[in-house]
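Take a look at the structure set out below.
Read-outs throughout are calculated quantities, based only on the coordinates presented, and are distinct from any laboratory measurement. Computed from a prediction, not measured in an experiment: that's the story for all the values here. Cβ sites come from the backbone with ideal geometry, for glycine too, and all protein chains shown count toward neighbours.
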Amino acid sequence: MQKKSFTLSEARQKLEYYCSYQERCHNEVAEKLKRLNMSSEETDEIIVHLIQHNFLNEERFASSFSRGKHTIKHWGKVRIANELKFRNISKYNIDKALKEIPQEVYLQHFHALAEKHWETIRETDPVKKKKKCCDFLLRKGFESNLVFEKLKDLENGNR
């Protein structure tokens, strides 16, 4: 079965729409073009067009990604940074994006999430309960020093 092929202008139009309804990184756009059977020269030409016409902007993508993942999924900075690195976003853009999350808001989300999760764990063994909570918070991408300090407080009954 032959995949449908697109002309350069059709593919450009398709990708403009693809980038206009959600922020995208260069990797996502390149993958989409590969699925559309575009040659590497056509892919480069379309990506340049998207950047020049401000459909594609990695700094904007990184900022949007970090704000969204922190606000909606309550991810920590470690996980956000790792996910952005996985998408080949530059260290400069990652650092800039992480600075957009206000520290007070970040800590509020962290403390609320930790306390809520601590209360939901039904484990009676305090060591196992602490480990489960620790694993959860580290998986969410919060810094280990924050996690260990918070677990000490929760274990001692402090909030």
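Just give me a number: lysine pairs in the stretch 103-155, eight or more positions apart or cross-chain, with C-alpha atoms less than 16 Å apart.
For the stretch 103-155, qualifying lysine pairs total 21.
Can you compute log10 of I(q)/I(0) for the stretch 103-155 with the Debye formula, treating each Cα as one identical point scatterer, at q = 0.17 Å⁻¹?
Debye curve over Cα of the stretch 103-155, log10 I(q)/I(0) at q = 0.17 Å⁻¹: -0.45.
Towards the positive end of the charge dipole of the stretch 8-52, with charges on Cβ (+1 Lys, Arg; -1 Asp, Glu), say which of 11, 22, 37 has the farthest Cα.
Farthest along the dipole direction, towards plus: 22.
What is the Cα radius of gyration of the stretch 58-99 over 2.2 N^0.38 Å, N being its residue count? Before the final figure, lay out each step's value.
On the way: Rg = 8.8 Å, N = 42, 2.2 N^0.38 = 9.1 Å.
Against the empirical 2.2 N^0.38 Å value, I get 0.96 for the stretch 58-99.
Sorting 7, 71 on the 10 Å Cβ count, fewest up front, what's the list? Let's see the in-between values first.
Working: 7 9, 71 12.
The most exposed by this proxy come first: 7, 71.
Specify, per residue and in Å³, the volume enclosed by the convex hull of the alpha carbon atoms belonging to the chain. Present the calculation step by step, with values, prior to reporting the outcome.
Numbers: hull volume 23.0 nm³, N = 159.
Given the Cα convex hull of the chain, per-residue volume reads 145 Å³.
Choose one answer from 46, 121, 101: the residue with the largest mean-square fluctuation in a GNM of the chain with alpha-carbon springs under 10 Å.
Checking each option, the largest mean-square fluctuation is seen for 121.
To the nearest 20 Debye, how big is the dipole of the stretch 8-52 about its Cα centre, given +1 on the beta carbon of each Lys and Arg and -1 on that of each Asp and Glu? Provide the component values of the computation, followed by the final result.
Numbers: 6 positive and 9 negative charges, 35 e Å.
Computed charge dipole of the stretch 8-52: roughly 160 debye.
What do you get when you divide the Cα radius of gyration of the stretch 8-52 by 2.2 N^0.38 Å, with N the number of residues? Mind showing how you got there, number by number?
On the way: Rg = 9.2 Å, N = 45, 2.2 N^0.38 = 9.3 Å.
That ratio works out to 0.98.
Please get the size of the charge dipole for the chain, origin at its Cα centre, with Cβ charges of +1 on Lys and Arg and -1 on Asp and Glu, quoted in debye to the nearest 20. Present the calculation step by step, with values, prior to reporting the outcome.
On the way: 31 positive and 24 negative charges, 127 e Å.
Its charge dipole is roughly 600 debye.
When ranked by the protection proxy of mean other Cβ atoms within 10 Å per residue, highest first, what sequence do the peptides 37-43, 55-61, 141-147 form?
Working: 37-43: 14.3, 55-61: 19.1, 141-147: 16.4.
Top to bottom by mean Cβ count within 10 Å: 55-61, 141-147, 37-43.
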